[in-house]
Amino acid sequence: MEIFSKIDSDRFGVKVGKITESFFDDRTVEDGVDYFMANKFDLIFARIDYNRLDIINGLEKHGFTLKDTQYTLRHNLLDIEKYSERSDEYLIREFQQSDTDMIVISQKYRLNIMVIMPQTKD
């Protein structure tokens, strides 16, 4: 599996690899880290589902750190009729600080993790 990202390597000026959790389907985290080191990657971007804590924890154990996390909402916002000002199901209103906990809970299982490998010096 080719993980080298030319566009990101050119952008950041270091050798960058991009993976998803499927990278670990046929290898352990240790084998993956060995692959990164053997191929002299300076930076790894990984999109790993929040439910794969075994991979995330394994990478952290090897010195990887979480630098950014993201979640994706999948709703068709162009369907204007569905998102009227008021409906029986919901009310569209300004954000309130009390909404924070509900947003975190609702996105817990939609979270992707970006893991960045620490740069090493030869």
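The values are calculated or read from the model by the stated rules, or taken from the named source; none is laboratory data. The structure displayed is predicted, hence computed values, not measured ones. Heads up, the Cβs are rebuilt from the backbone with ideal geometry, glycines too, and the neighbour counts pull from every protein chain shown.
Of note:
- Selected residue (criterion: surrounded by the most Cβ atoms within 10 Å (Cβ to Cβ)) from residues of the stretch 41-66 that are free of Cβ contacts under 8 Å to residues at least 60 places away in the same chain and among the basic types (Lys, Arg): ARG52
So that you can scan it fast, the table gives a plain yes or no per residue for (1) among the charged types (D, E, K, R); (2) out of contact with any helix residue (DSSP H, G or I) (no Cβ under 8 Å at 6 or more places or on another chain); (3) at positive phi:
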residue: VAL16; (1), (2), (3): no, no, no
residue: GLU21; (1), (2), (3): yes, no, no
residue: ASP34; (1), (2), (3): yes, yes, no
residue: ALA38; (1), (2), (3): no, yes, no
residue: PHE45; (1), (2), (3): no, no, no
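- Test: residue in the stretch 62-80 that is within 29 Å of MET102 (Cα to Cα), at pLDDT below 85 and among the basic types (Lys, Arg): yes
- First in the stretch 1-26 and free of Cβ contacts under 8 Å to residues at least 60 places away in the same chain and aromatic (Phe, Trp, Tyr), second anywhere and assigned to a strand (DSSP E or B) and surrounded by 15 or more Cβ atoms within 10 Å (Cβ to Cβ), Cβ under 7 Å, 6 or more apart: PHE4/GLY17; PHE12/LEU43
- Restricting ILE48, ILE55 to residues that are of a type outside the set (D, E, K, R) and over 11 Å from the mean Cα position of the chain (by Cα) narrows the list to ILE55.
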